[in-house]
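Everything on this sheet refers to the single structure shown next.
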Amino acid sequence: MTKKTKAELARHQHDAVYTQWVGRPLEHRRTSDTEAFTDDLWSQGIRMGSSQELHRQMVMDIIRGHMAPS
């Protein structure tokens, strides 16, 4: 088995965050739910950044990146 590169690990983590977001019931995927979602990820050890604020920004970027344009 080959060792994954940093880019592959980051992509896996990105996919895991998005999968958890879309796995939530639709009524729990509102803008007002994102802070609790990012805090839950942080407490589970899924950390997208070195600080909680950077983590929140990166999670929001993932969520926004998959939303359909208005």
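We did not get these values from a lab; they are worked out from the coordinates using the rules stated. Predicted model, so just to flag it, every value in this text is computed and none were measured.
In percent, rounded to a whole number, the relative contact order of the chain is 30, using alpha-carbon pairs under 8 Å and six or more apart.
Given their separation in residues at 0.36 nm each and the Cα-Cα distance between them, H14 and E53 gain 12.4 nm when the chain is fully extended.
A Stokes-Einstein calculation at 20 °C with viscosity 1.002 mPa s, built on the Kirkwood radius of the stretch 6-70 over Cα pairs, returns a diffusion coefficient of 178 µm²/s.
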